[in-house]
Amino acid sequence: MNSLLTLFTNTYLFCAVFGGALFILMFILTLIGIGHDADGCSCCDAVDGDIGSVSVLSLKGMIAFVTFYGLGGLCFKTYGWGGWLLSVGCGAVMMFVTAAVITLVLKLQHSGNIAPESLTGCSGSVYLSIPAARGQGGMATVTLPGSTVQVKAVSDEAIATGCAIVVEEYLGDNLYLVRKSD
């Protein structure tokens, strides 16, 4: 039993250095936008320990486990088997923390796409005057909750720059039929 414990204590430094190097490398790659999580194995897809849509058994989670298992082992190696259990606990905690942080970061992502049809009925103002008889060249700024969108606009009547408008219909290719606001 003591030989097994000695084997564990000899692996702590290796895990801390090797895992730490990979941890730092993945952190740098993630910061510059190259890193992605490799959850490609089908055996990890339905793990009960998933947090949201991120698996705790992801590549980043496993590297965090190895790194903090080694660091925890180096700190607690004088406690024998209790130290080994503490090092496994350190690794497990960091694996879950890593999955939780990735989940929180993924919740921050937003595409910002607006469905073109959703502008129908919205109000705004003319940015570039709109010619009569649905002539091309007009632009309008449409107001949405929290943002504005500039779109190509046509109208049946001429509308001058600065006038208030309402979007009546989406005609395709970022082109909208508008009318003067009442």
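Looking at the stretch 81-96, which of its residues are at pLDDT below 90 and either surrounded by fewer than 17 Cβ atoms within 10 Å (Cβ to Cβ) or of a type in the set (D, E, K, R) (or both)?
W81, G82
Just need a number here: residues in the stretch 19-34 that are farther than 11 Å from L59 by Cβ and either outside the structural domain of T98 (by TED's automatic domain parsing) or in contact with a Gly (Cβ under 6 Å, 6 or more places away or on another chain) (or both).
Going through the stretch 19-34 one residue at a time, the tally reaches 2.
Going by what's in this entry, would T103 be described as assigned by TED's automatic domain parsing to the domain that holds D173, surrounded by 14 or more Cβ atoms within 10 Å (Cβ to Cβ) and in contact with a strand residue (DSSP E or B) (Cβ under 9 Å, 6 or more places away or on another chain)?
Considered against the rule, which asks whether it is assigned by TED's automatic domain parsing to the domain that holds D173, surrounded by 14 or more Cβ atoms within 10 Å (Cβ to Cβ) and in contact with a strand residue (DSSP E or B) (Cβ under 9 Å, 6 or more places away or on another chain), T103 comes out as no.
Which count do you get for residues in the stretch 123-149 that are at pLDDT below 95 and under 34 Å from the mean Cα position of the chain (by Cα)?
Matching residues across the stretch 123-149 total 7.
The values are calculated or read from the model by the stated rules, or taken from the named source; none is laboratory data. From a predicted model like this one, the values you see are computed outputs, not experimental measurements. All Cβ positions, even for glycine, are placed from backbone atoms using ideal geometry, and neighbour counts span all protein chains on display.
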